[in-house]
Amino acid sequence: MLVRDEGQGMTEIQVGLGERSYPIRIEKGCLATLGEDLVRRQVANRFAVITDDRVAGLYGQAVLANLRKAGLQSDLLVFRHGEASKNLETIASLASRLAASGYDRKDGLIALGGGVVGDITGFLASIYMRGIPFIQVPTTLLAQVDSSVGGKTGVDIPEGKNLVGTFYQPKSVHIDPAVLSTLDRTDLLCGLAEVIKYGVIRDPAFFNFLERRRAGILALDSADVGEMIRTCCTIKADVVEQDEREGGLRRILNYGHTIGHAVEAASSFAISHGAAVAIGMVAAARIAVAKGMLEKQEGERIFSLIANYGLPVAVPEGLDRNLIKTYLKTDKKAVAGRIFYILPTAIGSTCITDQITDQQLDQVL
């Protein structure tokens, strides 16, 4: 992994994956230079910008105009926002629209939006014409610090979240922190859950930074937010380089997600991904404390940081616990029926275990 600070607030992180290597460009205002950059890098002949109906109203026409000004043919394909659209029907609809417009293997896609848009666009790119290039342009904090990096794509089916998908790396990631000003507080907090995850699993100094700089981060102070995004992307790039397809180390990125995904699905996605991950992180920390793997004081720091950022720390009282446990059994990371949990052993380190009893699980649920 190579990190270059190119001055004037621009950082480029190179994700080293051989022929699949790509840059993550972090720069305030880089949305306005996207077309120039793609022309310079000769990624594709033309682009379909895939986005949802919320982001389309904010940035769709501006991005389209920017691409066309740079001489790139482009179209805007819009679908309904929300997790409910992350399914095979949406993929089929978008693929048909691409085919009707004559898109071929020399063309590409741009994911303009949050995690749902990125997952859908990446999966579509991986299977359309057996694979065409795509670009990530994340517009939510969650997507900027997590889902846009690493090549995980996928959609949901009734049996569970992200059960149909691929590993397919983008050609580049373009992160403009300025777009975060249009996020509502719920979406901002959703991303902050993933941010906290990185401190717990990999970087105690970053965890300390999140404790100290909470006010600045919540106020979207440019220096604090820039440092936060750079750190998260650097950690994830390092992990992905070592384990691209989640055979070992990369599984630590699922801290909070095993229980979190089950909570999210059991609520019929009424609970946001970030809120569910926050609940899952607290649950995993409490299991670790109960098992004697994590000092109680460390567990309390995790609990307090999550709570202090305004994120939920417990499963809502009315949510069916048995339904949560049913969804746990369909977790895509389960092997031969064994459910694996990422548990913190200290702030900055974790372990992977399937040795969780029903009693321990019931206690935290």
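Details
- Under-28-angstrom lysine pairs by C-alpha in region 37-166, whenever the two are 8 or more apart or on separate chains: 6
- Summing charges over all other residues whose Cβ lies under 11 Å from the Cβ of ALA284, with Lys and Arg as +1 and Asp and Glu as -1, gives +3.
- Global form of region 195-241, assessed from the alpha-carbon gyration tensor, a/c cut-off 1.5: oblate
- The chain: most fluctuating residue of VAL179, VAL335, VAL116 per GNM, C-alpha cutoff 10 Å: VAL335
- Stokes-Einstein D for region 271-359, Kirkwood Rh over Cα pairs, 37 °C, 0.692 mPa s (µm²/s): 236
- When Rg and Dmax are taken over the Cα atoms of region 2-183, they come to 15.1, 47 Å.
- All other residues whose Cβ lies under 15 angstrom from that of ASP243 are scored, Lys and Arg at +1 and Asp and Glu at -1, for a net of +4.
- ARG185-ASN308 pseudo-label distance in nm [points 7 Å out on the Cα-to-Cβ vector]: 1.8
- Cβ crowding within 10 Å ranks VAL164, VAL277, VAL145, VAL239 as VAL164, VAL239, VAL145, VAL277, fewest other Cβ atoms first.
- By definition, a body whose alpha carbon gyration tensor gives a ≥ b ≥ c is prolate when a/c is 1.5 or more and a/b is larger than b/c, and region 196-364 fits this prolate description.
- Packing-based exposure ordering (other Cβ within 10 Å, fewest first) of SER147, SER74, SER21, SER268: SER268, SER21, SER74, SER147
- Top positive-direction residue, dipole computed over the chain with Cβ charges, set SER304, GLN359, GLY18: GLY18
- Debye, to nearest 20: dipole size of the chain, +1 on Lys, Arg Cβ, -1 on Asp, Glu Cβ: 500
- At R0 = 45 Å, FRET efficiency that the Cβ-Cβ distance of GLN363 and ALA95 yields, to 0.05: 0.50
- Anisotropy class assigned to region 198-273 is oblate, per the alpha carbon gyration tensor with a/c at or over the 1.5 cut-off and a/b no larger than b/c.
- Here the chain is described by how far its Cα atoms reach on the three principal axes: 60, 44, 37 Å, from widest to narrowest.
- Rg to Rh quotient for region 289-332, alpha carbon positions, Kirkwood Rh: 1.08
- Rounded to the nearest 0.05, the FRET efficiency derived from the C-beta distance between ARG338 and ARG68 at R0 = 56 Å is 0.60.
All of the numbers you see were taken from the coordinates with simple rules; none came from a lab. Note that the structure is a prediction, hence the values are computed from the model and not measured. For neighbour counting, all protein chains shown are included, and Cβ atoms are generated from backbone atoms with ideal geometry for every residue, glycine included.
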